[in-house]
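Novice: Handing you this structure, nothing more for now.
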Amino acid sequence: MRNLIRFKDHFFQTSFSPLKRLRKGLSFCGGRNNTGKITAYHRGGKGRRLFRNLELRYHVWGLLGEILWMEKDPNRTGWIAIVEYKNGVITSLLAAEKSYITYLIGNGMQEAGVKVGYGNLLREMVLGARIFNVERYPLQGGKLGRAAGVFLTIIRKSSHNLVLLRNRRKRFLFSFNDCAGTYGNVSNSDHQLRNIGKAGRARNQGRRPIVRGVAMNPIDHPHGGGEGKTSGGRHPTTPWGKLTKGKKTLSLKKRRQFKLFYKKVFK
């Protein structure tokens with residue numbers, strides 16, 4: 001009998017292993033490039049994982065599917081749901097908040113309306129709806145809104161086949177009317193409240209220790225050196241001398257182009 005664990009947000013997790021054909025081996029580089037040089041620092045030493053073949057594209061259209069079980073994917077923050085469609089296809093999808101075992105979902109079901117877990121084209125979705133796993137270009141597969149608890153809001157639709165979206169950080173994004181999305185927000189919204197608890201768990205997740213710049217020598221970091229304990233003696237910078245706090249990363253030219261494009265298309 002399946003051993004089920006119930007969570008306060010109506011989620012279920014099962015304690016048995018997933019289907020073999022829905023997972024495959026996964027290799028890690030430890031933050032090194034093809035020449036062996038470390039290009040992403042403070043990475044390496046994580047536990048072995050298997051990659052889950054997640055169906056982010058909206059291939060099955062017009063059919064209802066039932067959630068058989070839900071499980072934790074070690075490669076992402078949200079839960080994944082194993083779904084069986086009426087034609088016998090079994091696949092894994094990003095689980096929506098407030099979905100559960102035996103919950104019915106589908107893509108392109110007009111009679112479902114605004115129902116959590118149901119996917120549709122952006123042109124068919126209502127304004128102000130929360131959606132996730134949104135395609136950037138038609139038939140590309142979900143690229144936007146895939147982390148735990150994340151959702152995008154449909155703000156406006158234009159006659160230029162474009163849709164204006166807004167994320168939780170109030171940043172605007174564009175997509176096309178022919179792109180697809182799913183109603184609701186990604187499951188496991190309490191992920192931001194997690195407490196790692198100890199350094200060993202962080203090491204198992206592949207995070208190596210971070211050394212403060214002021215504890216290094218001048219050859220290793222701009223904050224290094226000095227007699228006794230010092231605070232760096234300059235504005236906080238990266239090991240390569242670039243400012244780390246408060247510096248604008250988006251060029252003024254791109255911001256102006258974005259504003260002009262927004263006024264032309266949506267106003």
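Novice: Going by average Cβ density within 10 Å per residue, which order do the peptides 150-162, 67-79 take, highest to lowest?
Specialist: In descending order of packing, they fall as 67-79, 150-162.
Novice: Still on this model: For helix 252-266, what angle does its Cα long axis make with the longest principal axis of the chain, in degrees from 0 to 90 and rounded to 10?
Specialist: Here the helix axis deviates by roughly 20 degrees.
Novice: How big is the charge dipole of the chain about its Cα centre, in debye rounded to the nearest 20, if each Lys and Arg gets +1 on its Cβ and each Asp and Glu gets -1 on its Cβ?
Specialist: Roughly 1420 debye for the chain.
Novice: Using a Förster radius of 51 Å, what is the FRET efficiency between Asn217 and Glu66 based on their Cβ-Cβ separation? Nearest 0.05, please.
Specialist: Step by step, r from the Cβ atoms, then E = 0.25.
Novice: Taking amide H positions as placed in the peptide plane 1.01 Å from N, state which residues far from Leu64 in sequence (5 or more) or on other chains have amide H under 5 Å from it.
Specialist: Here the answer is Lys86, since their amide H atoms fall under 5 Å of that of Leu64.
Novice: Still on this structure, I have one more. I'd like the chymotrypsin sites (Phe, Trp or Tyr not before Pro) in region 213-267 restricted to DSSP loop residues with at most 15 other Cβ atoms within 10 Å, sorted by number. Mind dumping the intermediate values first?
Specialist: Values: sites: Trp240, Phe258, Phe261, Tyr262, Phe266; in loops: Trp240.
The qualifying sites are Trp240.
Novice: Using 0.36 nm per residue of separation minus the Cα-Cα distance, give me the extension gain between Arg123 and His42 in nm, one decimal.
Specialist: 24.8 nm
Novice: Under 10 Å, Cα contacts only: if you run a Gaussian network model on the chain, which one of Arg234, Arg203, Arg136 comes out with the highest mean-square fluctuation?
Specialist: Arg234
Novice: So what are the ³J(HN,Hα) numbers for region 163-174, from phi and the Karplus equation (6.51, -1.76, 1.60; θ = phi - 60°), rounded to whole Hz, Gly and Pro as x?
Specialist: Result, ordered by residue: 10, 9, 10, 9, 8, 6, 8, 6, 9, 8, 9, 10 Hz.
Novice: What distance in nm lies between label points placed 7 Å from Cα along the C-beta direction at Thr35 and Gln110?
Specialist: It works out to 5.8 nm between the two label points.
Novice: State the label only: which of [x] 51; [y] 62; [z] 55 corresponds to percent of Cα pairs over 24 Å apart computed from the shown model?
Specialist: Among [x] 51; [y] 62; [z] 55, the one derived from this structure is [y].
Novice: Also, quick follow-up: Considering only Cα-Cα distances, which of the following residue pairs are longer than 29 Å: Lys24/Lys143; Lys72/Lys259; Lys157/Lys254; Lys115/Lys259; Lys46/Lys115?
Specialist: Lys72/Lys259; Lys115/Lys259; Lys46/Lys115
Novice: Let me ask something else about it. Report, in whole Å, the centroid distance computed from the Cα atoms of region 212-260 and region 122-196.
Specialist: 33
Novice: Exposure proxy check: Leu122, Leu252 ranked by fewest other beta carbons within 10 Å?
Specialist: Values: Leu122 22, Leu252 8.
Final ranking by Cβ density, sparse to dense: Leu252, Leu122.
Novice: Among Gly141, Leu162, Trp69, pick out the residue whose Cα is farthest towards the positive end of the charge dipole of the chain, where Lys and Arg carry +1 and Asp and Glu carry -1 on C-beta, about the Cα centre.
Specialist: About the Cα centre, the residue reaching furthest to the positive side is Leu162.
Novice: Check Gly142: other-chain or 5+ apart residues with amide H under 5 Å from its amide H, H built from backbone geometry?
Specialist: Arg57
Novice: Which FRET efficiency, nearest 0.05, do Phe51 and Ile196 yield, Cβ-Cβ r, R0 25 Å?
Specialist: 0.65
Novice: Going by how many other beta carbons lie within 10 Å of each one, how would you line up Lys143, Lys24, fewest first?
Specialist: So the ranking, lowest neighbour count to highest, is Lys24, Lys143.
Novice: Let me ask something else. To the nearest 500 deg cm²/dmol, what mean residue ellipticity at 222 nm is calculated for the chain from DSSP H runs of n ≥ 4 alone, each contributing -39,500 (n - 2.57), summed and divided by the residues?
Specialist: -2500 deg cm²/dmol
We did not get these values from a lab; they are worked out from the coordinates using the rules stated. Nothing here was measured: the structure is a model prediction, and the numbers come from that model. For neighbour counting, all protein chains shown are included, and Cβ atoms are generated from backbone atoms with ideal geometry for every residue, glycine included.
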